[in-house]
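The values are calculated or read from the model by the stated rules, or taken from the named source; none is laboratory data. Just so it is clear, the model here is predicted, and its values are computed rather than measured. Quick reminder, even Gly has a Cβ in these numbers, built from the backbone with ideal geometry, and neighbours come from all protein chains shown.
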Amino acid sequence: MPPISKQPESKSLQIAVKSKPTLLLILPGNEGRKPVLEALVEFANIVVVLFVGGRDAEWVKPFVQGCIEVPQGSDNGVFNTSYEIVSNWFVNDESLPDGIMCYDEYGVELSSYLCEKFCLPGTPFGTMRMFRNKLAFRNACSEAGLCSIRYKHIKSEADINDVLQDKDWPFPSVLKPRKGAGSWHVHKIENRSDLLKIYHSLDENLRAGYFPVNIKDAGFLLEEYFEGAEVDIDGWATNGKVTFQLVSDNYPATEPYFLEQGGNYPSQLPLEAVNAFKDLTEKVLKLFSGVHSCFHFEAKMNLETMKLLPIEFNCRVGGAECPLSVEAVTGYYLPVVAARLALALPPPLPKRVAHKVVCSTNFYPDKAGVLTKNCHEVDAKKSKLVSLTLFQNRIGSNVQANNGSVSCLGWASSGGDSFEEASSNLEMVKKHIHVVVQPEDECKTE
């Protein structure tokens with residue numbers, strides 16, 4: 001992608017009329033995020049920040065006042081260079097951004113850093129770094145008595161051998177990157193005889209992939225497998241205090257790769273369990289100073305013992321079907337809430353609730369190969385469709401199987417007045433989704 005961060009010829013080309021505040025958006029994502037930008041431009045002038053050599057973002061240009069390219073990386077030197085580039089793009093103090101936000105996991109640290117440098121509302125940089133580091137998050141929760149499982153940082157084969165020599169190490173366990181997102185390169189380890197082989201495979205795939213170098217070099221986290229019901233808690237915090245939260249169920253992920261399979265909004269668990277998860281959210285936030293953003297918190301509960309486990313805390317809006325599904329049952333569109341928090345504006349009043357319950361699902365290939373069809377014949381009205389995204393731009397491309405969100409080909413959610421109705425409507429949607437993946441050698445011969 002050619003550079004698009006050059007200084008504009010005039011201030012008028014660079015900064016929109018200040019009848020609206022200027023929002024700096026870090027990493028706008030792919031074209032599936034178009035509805036988000038359409039919502040944000042209603043009350044803010046948008047300037048986007050992209051990584052040099054990152055994905056093309058031509059689609060954002062009709063919505064934004066400008067695009068700024070910065071280097072990719074996560075050390076303070078790279079972040080400071082990015083700050084200087086952004087500062088130079090803006091002409092003078094009158095044109096500095098009024099707020100900074102990010103809904104992409106790989107941009108939240110930069111967003112937090114820039115918020116501090118520009119003295120704008122946001123989660124402190126140190127707090128954000130702890131959330132992005134699964135080991136640091138585990139340590140903080142463990143010290144507070146909120147994490148009862150065993151875990152270990154895996155940096156090399158020597159660390160694996162230490163585990164293998166520990167006769168008390170519990171199996172099954174889970175091996176995952178210490179940093180990262182989207183369940184990439186995650187695997188359940190059933191017994192110690194599989195550990196070394198799976199570690200080598202994951203490490204090789206991680207280093208061959210397109211994760212940033214700092215994620216590759218951070219190694220893995222090996223942790224005891226926790227049996228229980230998993231939930232997402234979506235909401236927002238203002239200056240370190242939870243303002244709103246919604247607990248939603250996750251259907252059991254497909255193991256051993258932990259492919260997400262959708263869930264229910266709101267949770268259908270007993271009220272006692274839902275309240276326990278809300279209490280856990282409050283306790284976790286007290287461990288980390290100054291959270292000021294939307295969040296997507298993942299946690300588990302053993303329903304027999306009521307024991308809880310914080311999994312990870314994402315200081316951003318949830319992805320995929322989450323924003324539209326949360327809006328359908330609460331009236332809050334979280335990307336707009338996040339933007340208004342960043343701009344020091346009050347959250348919007350909730351819209352009319354569309355459904356009492358929403359059920360969702362994700363679509364994956366059953367094997368690796370070339371995606372030849374990814375389409376639908378869904379009756380949106382009949383199925384009470386809330387969201388439907390299919391990555392048709394990947395048709396003709398190779399797709400991976402069993403690698404978290406990398407393998408995801410789309411998602412859908414449907415609503416209803418009850419769990420039974422929403423679930424039935426979702427099944428109606430699934431019957432009209434057509435995904436075909438063919439072996440690569442078959443495509444070459446056609």
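Here is a yes/no grid of residues against (1) without any contact (Cβ under 8 Å) to a residue 24 or more places away in the chain; (2) among the polar types (S, T, N, Q); (3) under 23 Å from TRP184 (Cα atoms):
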| position | (1), (2), (3) |
| --- | --- |
| PRO347 | no, no, no |
| VAL357 | no, no, no |
| PHE363 | no, no, yes |
| LYS373 | no, no, no |
| ALA380 | yes, no, no |
| LYS384 | no, no, no |
| ARG394 | yes, no, yes |
| SER397 | no, yes, yes |
| ASN402 | no, yes, yes |
Notebook entry, point to check: If you go through segment 98-121, how many residues are farther than 19 Å from GLY29 by Cβ, out of contact with any Gly (no Cβ under 8 Å at 6 or more places or on another chain) and in contact (Cβ under 8 Å) with a residue 40 or more places away in the chain?
Noted result: 1
Notebook entry, point to check: Restricted to segment 307-331, and to residues that are out of contact with any Phe, Trp or Tyr (no Cβ under 8 Å at 6 or more places or on another chain) and small (Gly, Ala, Ser), which residue is surrounded by the most Cβ atoms within 10 Å (Cβ to Cβ)?
Noted result: GLY318
Next item on the list: Quick one: PRO170 ticks every box in (1) part of a loop (DSSP other than H, G, I, E, B); (2) not assigned by TED's automatic domain parsing to the domain that holds LYS216; (3) not β-branched (Val, Ile, Thr) except a single one, so which number is it?
Entry: (2)
Next item on the list: Can you run down the residue pairs with Cβ atoms below 6 Å, 6 or more apart or on separate chains, where the first is in segment 278-302 and within 15 Å of PHE137 (Cα to Cα) and the partner is among the small types (Gly, Ala, Ser) and in a helix (DSSP H, G or I)?
Entry: LEU287/ALA140
Next item on the list: Could you check, for segment 410-423, whether at least one of its residues is within 18 Å of the chain's Cα centre (by Cα) and at pLDDT below 95?
Entry: yes
Check: Within the group SER360, SER293, which residue is closer than 26 Å to GLY416 by Cβ and buried (at least 21 other Cβ atoms within 10 Å of the Cβ)?
Finding: SER360
Item checked: Filter pass, TYR106 being in the same structural domain as LEU50 (by TED's automatic domain parsing), surrounded by fewer than 24 Cβ atoms within 10 Å (Cβ to Cβ) and in a helix (DSSP H, G or I) -> no
Next item on the list: Return yes or no: is ALA273 more than 26 Å from GLU116 (Cα to Cα), small (Gly, Ala, Ser) and in contact with a helix residue (DSSP H, G or I) (Cβ under 9 Å, 6 or more places away or on another chain)?
Entry: no
Next item on the list: Please give the number of the condition GLU304 fails out of (1) surrounded by fewer than 16 Cβ atoms within 10 Å (Cβ to Cβ); (2) assigned to a strand (DSSP E or B).
Entry: (2)
Item checked: When residues of segment 35-73 are limited to those that are small (Gly, Ala, Ser) and not in a helix (DSSP H, G or I), the one surrounded by the most Cβ atoms within 10 Å (Cβ to Cβ) -> ALA44
Margin query: Consider segment 188-203. How many of its residues are over 25 Å from GLU321 (Cβ atoms), of a type outside the set (A, V, I, L, M) and either in contact with a Ser or Thr (Cβ under 6 Å, 6 or more places away or on another chain) or not in a helix (DSSP H, G or I) (or both)?
Written below: 2
Check: From LEU341, LEU345, LEU371, which residue is more than 26 Å from MET428 (Cα to Cα), of a type in the set (A, V, I, L, M, F, W, C) and outside any loop (DSSP other than H, G, I, E, B)?
Finding: LEU341
